[in-house]
Amino acid sequence: MSASGPTIGRLTGRFGASLTYEQAGGLTAVIAGKDALRDVLLFLKTDEGLGYTMMTDLFAIDRYGSDPRFEVVYFLNSLQLKERLVVKVRVADGEAIPTVSDLWRAADWLEREAYDMFGVRFENHPDLRRILSVEEFDGYPLRKDFPTEGYGFDEPFVVRLEEDDAT
């Protein structure tokens with residue numbers, strides 16, 4: 001079930017007009033500014049009347065051609081209210097948003113994935129490094145402007161064997 005009036009009412013009462021709302025896939029989505037994001041998520045988790053204690057997903061979206069370019073989406077569940085809520089924040093290329101890995105342990109790997117695939121940075125993350133690609137990888141493969149074939153696809157592939165290095 002999507003977030004109800006009481007959730008939206010409590011958010012509006014606490015944060016006023018700094019939040020906007022939309023419907024996304026049958027769920028209520030809260031759009032927060034990057035400066036208010038952490039406060040909003042902390043409020044949703046710790047407010048006794050809400051109890052959004054479970055984060056089930058966090059992912060980035062490349063809105064190539066839009067400003068700001070990226071959107072980071074958080075899926076939250078309140079077992080207390082039996083409701084789901086989507087929280088979104090929009091961030092420009094090169095900007096960072098605060099980590100929530102200390103609020104929800106699952107966010108640790110999910111934030112690293114968003115960084116590795118899109119280049120979205122999370123301030124104060126305890127271990128922000130690539131998780132799916134090698135550290136030496138150049139670029140962010142899920143960005144819409146990343147070449148489909150990858151970088152250097154038109155160069156011949158050369159296999160170097162260890163035996164060749166020994167001679």
- Output the strands (runs of 3 or more DSSP E) that fall wholly within the range 70-167 and possess 3 or more residues being β-branched (Val, Ile, Thr), or say none. 83-91
- Among the residues of the range 26-44, write down those that are among the small types (Gly, Ala, Ser) and without any contact (Cβ under 8 Å) to a residue 24 or more places away in the chain. Ala36
- Query: Counting only residues that are aliphatic (A, V, I, L, M) and surrounded by 13 or more Cβ atoms within 10 Å (Cβ to Cβ), which one in the range 129-147 is nearest to Tyr64 (Cα to Cα)?
  - Reply: Leu142
- Does Leu81 satisfy the condition of being at pLDDT below 95 and of a type outside the set (D, E, K, R)? yes
- Message: Yes or no: the range 127-143 includes at least one residue that is in contact (Cβ under 8 Å) with a residue 40 or more places away in the chain and in contact with a Lys or Arg (Cβ under 8 Å, 6 or more places away or on another chain).
- Response: no
- Task: Might you check whether a residue that is among the basic types (Lys, Arg), out of contact with any Leu (no Cβ under 8 Å at 6 or more places or on another chain) and modelled with pLDDT under 95 occurs anywhere in the range 31-50?
- Result: yes
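Let's see how each residue does on (1) of a type in the set (Lys, Arg); (2) over 11 Å from the mean Cα position of the chain (by Cα); (3) more than 23 Å from Ile31 (Cα to Cα):
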{"residue": "Val91", "(1), (2), (3)": "no, no, no"}
{"residue": "Ala114", "(1), (2), (3)": "no, no, no"}
{"residue": "Phe137", "(1), (2), (3)": "no, yes, yes"}
{"residue": "Arg143", "(1), (2), (3)": "yes, yes, no"}
- Message: Against the condition among the aliphatic types (A, V, I, L, M), surrounded by fewer than 16 Cβ atoms within 10 Å (Cβ to Cβ), in contact (Cβ under 8 Å) with a residue 24 or more places away in the chain and within 28 Å of Gly49 (Cα to Cα), how does Leu85 come out, does it pass?
- Response: no
- Test: residue in the range 71-79 that is among the aliphatic types (A, V, I, L, M), loosely packed, with under 11 Cβ neighbours inside 10 Å, in contact (Cβ under 8 Å) with a residue 24 or more places away in the chain and within 30 Å of Arg10 (Cα to Cα): yes
- Mind listing just one residue for me: the one in the range 13-54 that is surrounded by 15 or more Cβ atoms within 10 Å (Cβ to Cβ) and β-branched (Val, Ile, Thr) and, of those, nearest to Thr99 (Cα to Cα)? Val40
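The values are calculated or read from the model by the stated rules, or taken from the named source; none is laboratory data. Note that the structure is a prediction, hence the values are computed from the model and not measured. All Cβ positions, even for glycine, are placed from backbone atoms using ideal geometry, and neighbour counts span all protein chains on display.
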